[in-house]
Number of protein chains: 2
Amino acid sequence: MRTLKLTIAYDGTDYAGWQIQEKRNQKAESRRQRPTIQGTLERAIRRILQERVRIVGSGRTDAGVHALAQVAHARVRSSMPCRRLQAALNGVLPADVVVTRIEEAPPSFHARFDAKAKRYRYVIVNGPVVLPFERRYVHHVSVPLDIGLMRREAKMLLGRHDFRAFHNTGRQVSNTRRTVTAIHIRRQGRCLVIDIEASGFLYTMVRGIVGTLIDIGRDHRPPGTMAAILNTKDRRRVGPTAPARGLTLVNVVY
Amino acid sequence: MRTLKLTIAYDGTDYAGWQIQEKRNQKAESRRQRPTIQGTLERAIRRILQERVRIVGSGRTDAGVHALAQVAHARVRSSMPCRRLQAALNGVLPADVVVTRIEEAPPSFHARFDAKAKRYRYVIVNGPVVLPFERRYVHHVSVPLDIGLMRREAKMLLGRHDFRAFHNTGRQVSNTRRTVTAIHIRRQGRCLVIDIEASGFLYTMVRGIVGTLIDIGRDHRPPGTMAAILNTKDRRRVGPTAPARGLTLVNVVY
């Protein structure tokens, strides 16, 4: 068996997220409208290699979220060279899922357990109109945002905290503590770009943080909001979850 | 009557080009699969202003070609302020057509006759893979392109020439002489970006030039090819027409 490390870019707009839904096998998936990225990759590999291979991602991305460089591993029997496999996979994959790299990895490599950090980017068009070219990849906020206020509050997120308040879902997670190692907010033309790096993320964590930062930028929250959320874990202080379309998994660090 | 100057951005992927097809009225269009940009705008204006308005563009863009700032004029009876009209139109237009600006223009303003120059941009991904985010807006050339060769030949296009050889269509045009005022080719990451400005363009002229430049960049053409094409007007020396998806009308100068 070989262990392969795959790097994958995808436009998540038309997908139900990364992960194959539980209680729902691949056959059932193909009958539904919105496939998953994982399921799409597994079907492509089966078609090329004629073997059933499980693809294990660094983590799930939610429905509609994009990736510039999601990482996954796969253990395969085939001896097909990486380059040839990559070309063959891209030949059968839909155009919104692209394998940008395949490399040999040590047998013990695990895309999820070995991930040391992840970086997400959230893009907001902060102006009157969203251009057709960016519409699938940005969130539109037409009222002016105060980037100074946003930066000041965002700084409070740095370090190890309990992010339970941002974990907006029924899924049970035993440990809701995570370490945010960097958060940068910058203007880029008409856009506001938020980069956030952490040891790991809870479900909807980035989008909850961004939603709260947008409320802060509109001056709809008192100073100290972020610190208060982290201290009290009070979900009612968190802003509305920002839409998936503005979010991209940019990088996974091993 | 007021004369309005509209600036429009569109993703041309799902459109049959700018111009309403001859022998095909708007009603007929709505029954077909691929609408035109002009028809889409006229329907939106009719819906908002309750008047039949003809939209006159600076020129047609071919099926699948995009625009960052196409310009058009419209003569309307309505006194609705420009800002409100813009917001109302963007409210009813599909997301791939966006009015980025509306302003009052002198009664004599004509989007086509008054246009002094136009700038088009062609983007080539010159690397192993096209990312999902760029797939609608680029042409993929995986073999390495020699940008030096391309630049040397492109320079020959500058000035006033008969571009008949690049006019790859049955449409009759009385005068096929045009003036190219600038052509720039640059690398931008994995992309090759070709900007070309001219007094006007013939149908498929940019895509014919780009197709020829790609052949030159692959070293499939002898030096002097561009000059020979302009001198002999020999269509057989022109490269294959580059696909519409890589082409964007960037700017119209008045």
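The values are calculated or read from the model by the stated rules, or taken from the named source; none is laboratory data. Values in this document were obtained by computation on a predicted structure and should not be read as measured data. In this analysis, Cβ positions are derived from the backbone assuming ideal geometry, glycine residues included, and neighbour counts consider all displayed protein chains. With ligands, DNA and RNA removed, areas are computed over all heavy atoms of the protein, side chains included. Shrake-Rupley method; radii C 1.70, N 1.55, O 1.52, S 1.80 Å.
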Selection within segment A:111-131 - at pLDDT 95 or above and farther than 29 Å from A:Arg60 by Cβ
A:Leu131
Looking at segment B:138-150, which of the residues that are open to solvent by less than 40 Å² (accessible area, probe 1.4 Å) and in a loop (DSSP other than H, G, I, E, B) is nearest to the other protein chains (Cβ to nearest Cβ)?
B:Val138
For segment B:225-254, which residues satisfy the criterion of being assigned to a loop (DSSP other than H, G, I, E, B) and free of Cβ contacts under 8 Å to residues at least 40 places away in the same chain?
B:Gly239, B:Pro240
Kindly check whether there is at least one residue in segment B:111-127 that is closer than 27 Å to B:Gly208 by Cβ, within 12 Å of another protein chain (Cβ to nearest Cβ) and not in a strand (DSSP E or B).
yes
Heads up, the strands (runs of 3 or more DSSP E) in segment B:32-108 (entirely inside) with at least 1 residues that are within 13 Å of chain A (Cβ to nearest Cβ), touching an Asp or Glu at 6+ places or on another chain (Cβ under 6 Å) and among the charged types (D, E, K, R) are none
Here is a list of conditions, (1) more than 14 Å from chain B (Cβ to nearest Cβ); (2) within 30 Å of B:Val98 (Cβ to Cβ), and A:Arg164 meets all of them except one; can you say which number that is?
(2)
In segment B:1-17, how many are touching a Phe, Trp or Tyr at 6+ places or on another chain (Cβ under 7 Å) and more than 11 Å from chain A (Cβ to nearest Cβ)?
2
